[in-house]
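The values are calculated or read from the model by the stated rules, or taken from the named source; none is laboratory data. Owing to the predicted nature of the structure, the values given are computational and were not obtained by experimental measurement. No Cβ is skipped: glycine too gets one built from the backbone with ideal geometry, and neighbour counts run over all protein chains shown. The protein model used for the area step is the full one, side chains on, heavy atoms only, and it has no ligands, DNA or RNA in it. Shrake-Rupley method; radii C 1.70, N 1.55, O 1.52, S 1.80 Å.
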Amino acid sequence: MSGAVETAGRAREIGERATTGISRGPRLALLGILAICQRAYLTLWRQPVLIISTMLFPVIYLAVLGNALNRQLENVPIAVVDEAGNSLAAECRRAVLALESGRKLVVAAFPADREQALADLRTGRYRAVWVLPHGLSAAGPAPAFIGDNTDRFSYSTVESALSDIWTEATGVRRFATAETRLEAYPYLDYLTYLGPAVVCLAIFMGSMVAGGLQVIEDRMYGYHEGYLVTPVSTGAIVTGHMLAGTLVAGLAGSFVLLAIMLFTPLPMTTPEALGGGLVTVFLTALAITGLWFLLFSRARKTSALRGMFGIINVLVFFPSGALYPVESYPKWLKVVSDVDPLTYGVSALRDLLLRGAPLKSCYSEWLVLLTFSLVCGVLTQVLFRREV
């Protein structure tokens with residue numbers, strides 16, 4: 001009798017252990033993920049200089065680049081060669097002087113020698129030469145514009161202004177223009193246009209630190225040796241690092257987004273747009289962190305990151321449409337843009353914050369970012385080795 005009772009007790013004990021083992025499996029994995037995430041997160045935040053520089057760099061980038069490119073063109077040196085000497089040429093000269101004193105677009109000189117003016121153009125003294133030839137009239141001959149096309153922005157702006165002067169003086173339009181001009185959205189200067197791009201730049205920099213540098217330093221300094229003596233799985237290690245990197249990069253992107261709202265008020269700042277923007281920030285951070293972790297899952301020295309950073313920056317940030325519309329890219333660069341997760345983050349942020357699009361318009365971009373993150377996580381788990 002006592003033997004039967006003892007056997008039943010042992011069976012119950014074994015059953016309880018089996019049940020407990022089953023229940024502890026997911027719990028252990030979750031605890032491992034949270035522990036690794038917490039350690040990686042705290043390790044990064046114990047380096048305040050690195051974190052602050054990561055967050056400040058995009059803001060400085062926006063302030064310098066945005067203001068450098070968001071300026072009205074001024075004080076462009078040009079030469080006006082008046083060979084006609086008639087009343088129409090005099091009217092054109094007065095209009096150029098008005099353009100100089102009013103809009104301050106140009107600084108005009110009036111040399112008499114065409115050849116000398118062209119020689120000075122080639123040496124950089126002038127950006128353009130406007131020749132008013134002999135017999136200047138509305139029926140012809142017309143003025144000749146010779147511009148320094150190494151600077152396309154100055155070339156196009158000055159040529160357009162001088163063309164307008166000729167149109168006003170003669171009533172002759174050089175180019176056919178539409179009478180009605182409509183704008184679908186409120187006017188955006190380049191500084192505001194750069195806002196979503198700079199948010200993604202903050203995500204890129206933050207994920208580089210948390211998803212690339214942190215993993216390499218953990219391996220260099222022996223933190224992974226501690227993981228090897230625990231029952232934590234490779235999947236938990238990968239997931240923990242990715243969550244920590246996502247948290248850091250997402251916070252960096254959110255901080256920059258709030259800073260941009262102070263510097264350059266975005267046209268669409270409804271609660272729905274801001275909520276969707278924050279979701280986009282963290283999904284983009286997850287995808288880019290996964291990409292960094294995948295690329296450096298087997299790297300053992302930080303020199304690998306320093307050597308590859310410039311190439312990765314060029315291949316991820318610039319093809320994303322952050323600075324120039326992707327529709328204008330050549331075919332081979334469009335292929336790079338299509339597989340670049342940052343492209344979808346920039347697109348979703350612009351749709352929400354600049355165009356006021358509804359949240360459902362971003363579902364496709366969010367799905368791409370989630371899929372990309374999942375693929376990177378699976379591939380990283382395959383490549384990541386539990387070895388010292």
Practice item. Examine segment 128-139 for a residue that is open to solvent by 40 Å² or more (accessible area, probe 1.4 Å), part of a helix (DSSP H, G or I) and either touching a residue at least 40 places away in the same chain (Cβ under 8 Å) or among the acidic types (Asp, Glu) (or both), and state whether such a residue exists. Key: no
Practice item. Would you confirm whether any residue within segment 212-232 is of a type in the set (Val, Ile, Thr) and at pLDDT 75 or above? Key: no
Review point. Quick check, is Val76 open to solvent by less than 40 Å² (accessible area, probe 1.4 Å) and either hydroxyl-bearing (Ser, Thr, Tyr) or at pLDDT below 90 (or both)?
Key: yes
Practice item. Would you mind finding the one in Ser347, Ser364, Ser373, Ser337 that is among the small types (Gly, Ala, Ser), loosely packed, with under 13 Cβ neighbours inside 10 Å and out of contact with any Cys (no Cβ under 7 Å at 6 or more places or on another chain)? Key: Ser364
